[in-house]
Amino acid sequence: MRSGLSTPELTLGHKLISINWLLVILIVMVAGVGFAMLFSAAGGNIDPWAKRQIVRFGVAFGIMIVVATINIRIWLRYAYALYFLALALLVAVEVAGHVGMGAQRWISLGFVNIQPSELMKIFLILALARYYNASAIEDIGRISRLFVPIMLTVAPTVLILRQPDLGTAIMVALTGAVVLFLAGVRLWKFVVVGIAGLAAAPIAWQFLHEYQKKRVLTFLNPETDPLGAGYHIIQSKIALGSGGLMGKGFMQGPQSHLHFLPEMQTDFIFTMLAEEFGLAGGLALIILYALILTYGMIIAARSRNQFGRLVASGITSTFFFYVFINIAMVTGLIPVVGVPLPLVSYGGTVMLTLMIGFGLVIGVGVYRDVPVGRRGEAEGT
């Protein structure tokens, strides 16, 4: 009987050929849009944002390719270890975290600052995928089998809320819920949890920070404080409207370049893009995102093992949440929660996390025909 990790190992050449290069090209195209918008945000200067983002993307791109060539059974075997590592880092943030933008979210490793909450989005998916990979189909729907995945999701969500980082906490909770649903948990159970959540909303409101309460109230009526809490969303809507169908032109957006639009290099970068390139430019970027999501779900559907299907579909769903929440936020459909636009907004840890995630998705495609047992060994061993 051979060890699971040795049956059969693909050659490096076969792995590289099996990579979905169309997906890779789409990722590079979206990142290229980000470089251009960061160049515009700096008034036609590659510093301080575009140059750093290009370097970060180059490093993250290499990591993505490496991740894509690693045997998927290795990720299954170390899924829990990676999850608890990220959880330990979240606890470390509580003790010795770096404070930035009013929240304690970063931890210093000496040569770099990392945001453990971003890494948790990926490692939670790995842990949940391993849990359900080891579960018999008839056990998935049992109430008793929900305790562990719920705790795996709730623990990091609570720690992230304490930072406080409402946007990332929502993302982590949604990620866990999606993986549970994709694993086969019945919809009515989510309905019950949703009703319970609505019933507990008045209690949860008391635990929100004052700025978070202001964001919710501002979402309902931003004009009540146009120069304070409502300023961001009002300026965002003005910029979106002024772009029209074809936009003002590259680096010609008055709202962004006259500094009316806040955080244009991060959370509100889609607004700047829509102002400069109009509805046409915004839809073009959304189409690129839609193609990435489609390829991700196709890779998930073609995987022959449960672990690969859940990893690919879970990460693709998380990518969708990034896109949806950011665009809905800057267009005033939901409150401002501080979620960046993936591959476009300026940021290091988010970029690294996304590229690791894409590496895992691509890896699922590379190893789509490799059978995986419940604990990471080859099936039948």
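Computed from the coordinates by the stated procedures, all read-outs in this text should not be read as laboratory data. Since this is a predicted model, take the numbers as computed values, not measurements. Ideal geometry is used to build each Cβ from the backbone, glycine not excepted, and the neighbour counts take in all protein chains shown.
Angle check, please: helix 79-96 long axis (alpha carbons) against the longest principal axis of the chain (alpha carbons), in degrees 0 to 90, nearest 10. The helix 79-96 is inclined about 40 degrees to the chain. Between Pro164, Pro335, Pro48, the Gaussian network model of the chain with springs among Cα atoms under 10 angstrom shows the greatest mean-square fluctuation at Pro48.
Estimated from helical segments only, the mean residue ellipticity of the chain at 222 nm is -21500 deg cm²/dmol, where each DSSP H run of four or more residues counts as -39500 (n - 2.57).
Based only on other Cβ atoms within 10 Å, what is the fewest-to-most ordering of His14, His257?
Values: His14 11, His257 19.
If I rank by nearby Cβ atoms, fewest first, I get His14, His257.
Which whole-number percent gives the relative contact order of the chain, counting Cα pairs below 8 Å spaced six or more residues apart? Display every interim value, and only then the final one.
Values: 560 pairs, mean separation 105.2, N = 381.
The normalised contact order for the chain reaches 28 percent.
If I build a Gaussian network model for the chain, linking alpha-carbon pairs within less than 10 angstrom, which residue out of Val185, Val193, Val366 has the largest mean-square fluctuation? In the Gaussian network model the winner is Val193. Over all pairs of different C-alpha atoms, the range 253-381 has a mean inverse distance whose reciprocal, the Kirkwood radius, equals 16.3 Å.
Taking a Cβ cut-off of under 15 Å around Ala284, the surrounding Lys, Arg, Asp and Glu residues balance to a net charge of -2, with basic ones at +1 and acidic ones at -1.
Hey, can you rank 117-123, 20-26, 349-355, 130-136 by average C-beta count inside 10 Å, highest first?
Values: 117-123: 25.6, 20-26: 15.7, 349-355: 23.0, 130-136: 19.0.
Ranking, from highest mean packing down: 117-123, 349-355, 130-136, 20-26.
Taking every lysine pair in the range 4-366 that is 8 or more places apart or spans two chains, those with Cα atoms closer than 28 Å amount to 9.
Report the percentage of all Cα-Cα pairs in the chain whose separation exceeds 31 Å, rounded to a whole percent. Each step should come with its number before you reach the end.
Details: 27804 of 72390 pairs.
Percentage above 31 Å: 38.
Sorting Arg368, Arg186 on the 10 Å Cβ count, fewest up front, what's the list?
On the way: Arg368 19, Arg186 12.
Listing Arg368, Arg186 from fewest to most nearby Cβ atoms yields Arg186, Arg368.
Helix 116-133 axis versus longest C-alpha principal axis of the chain: approximately 30°, rounded to the nearest ten. Scalar couplings 3J(HN,Hα) for the range 330-340, obtained by applying the Karplus form with A = 6.51, B = -1.76, C = 1.60 to θ = phi - 60°, are 6, 9, x, 7, 9, x, 6, 10, x, 9, x Hz; x denotes Gly and Pro. Relative to the dominant Cα principal axis of the chain, helix 210-220 is inclined by about 70°. Among Leu152, Leu258, Leu293, the largest mean-square fluctuation in a Gaussian network model of the chain (Cα springs under 10 Å) belongs to Leu258.
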